[in-house]
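To keep things clear, I will list the structure first and then write my remarks on it.
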């Protein structure tokens with residue numbers, strides 16, 4: 001809005017003098033113009049002040065939102081870090097448990113392997129003992145067979161001779 005009267009106009013305004021002083025109509029017109037402008041200024045000033053308050057309030061709301069967003073972002077970052085730390089900790093626990101379980105399984109497997117090796121060794125000893133006993137039994141059976149063959153061989157000539165002699169005795 002363009003001002004009709006500027007502060008400089010008010011300061012330099014001179015009224016014409018009449019016989020009885022200043023021209024009342026000119027003064028009234030000037031005062032009416034000044035009053036209108038002043039009223040307009042007052043309205044504009046009130047509007048600007050209202051607008052300023054509104055903008056300041058809006059600015060304060062934006063600042064509050066910004067502060068809340070920053071706090072939210074910081075909280076989210078902290079929560080994210082906490083979650084990561086908890087996940088890292090949980091992962092470490094899982095890895096540690098897996099390592100412990102692995103060590104136990106390995107220990108049990110080695111222990112079982114040693115037991116199996118011991119059992120195999122004992123079976124080999126039993127097999128060797130059985131083989132030795134079987135060999136002894138075979139040797140014993142061989143001795144019995146040899147003895148029996150020798151007996152057969154001794155008895156034959158005797159029985160043959162005995163028969164021959166008894167035939168000679170009967171024929172002679």
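In the condition set (1) surrounded by 10 or more Cβ atoms within 10 Å (Cβ to Cβ); (2) touching a strand residue (DSSP E or B) at 6+ places or on another chain (Cβ under 9 Å), residue 16 is compliant with all but (1). Would you check if there is a residue in the range 60-81 being assigned to a helix (DSSP H, G or I), surrounded by 10 or more Cβ atoms within 10 Å (Cβ to Cβ) and touching a residue at least 40 places away in the same chain (Cβ under 8 Å)? No; the residues of the range 60-81 include none that is assigned to a helix (DSSP H, G or I), surrounded by 10 or more Cβ atoms within 10 Å (Cβ to Cβ) and touching a residue at least 40 places away in the same chain (Cβ under 8 Å). Just wondering, is there one or more residues in the range 38-50 that are over 25 Å from residue 5 (Cβ atoms) and out of contact with any strand residue (DSSP E or B) (no Cβ under 6 Å at 6 or more places or on another chain)? Checked the range 38-50: no residue is over 25 Å from residue 5 (Cβ atoms) and out of contact with any strand residue (DSSP E or B) (no Cβ under 6 Å at 6 or more places or on another chain).
The numbers here are math on the coordinates, done by the rules we state, and not lab data. As the structure is a prediction and not an experimental result, all values here were calculated from the model. Backbone-built Cβ (ideal geometry, glycine too); neighbour counts: all protein chains shown.
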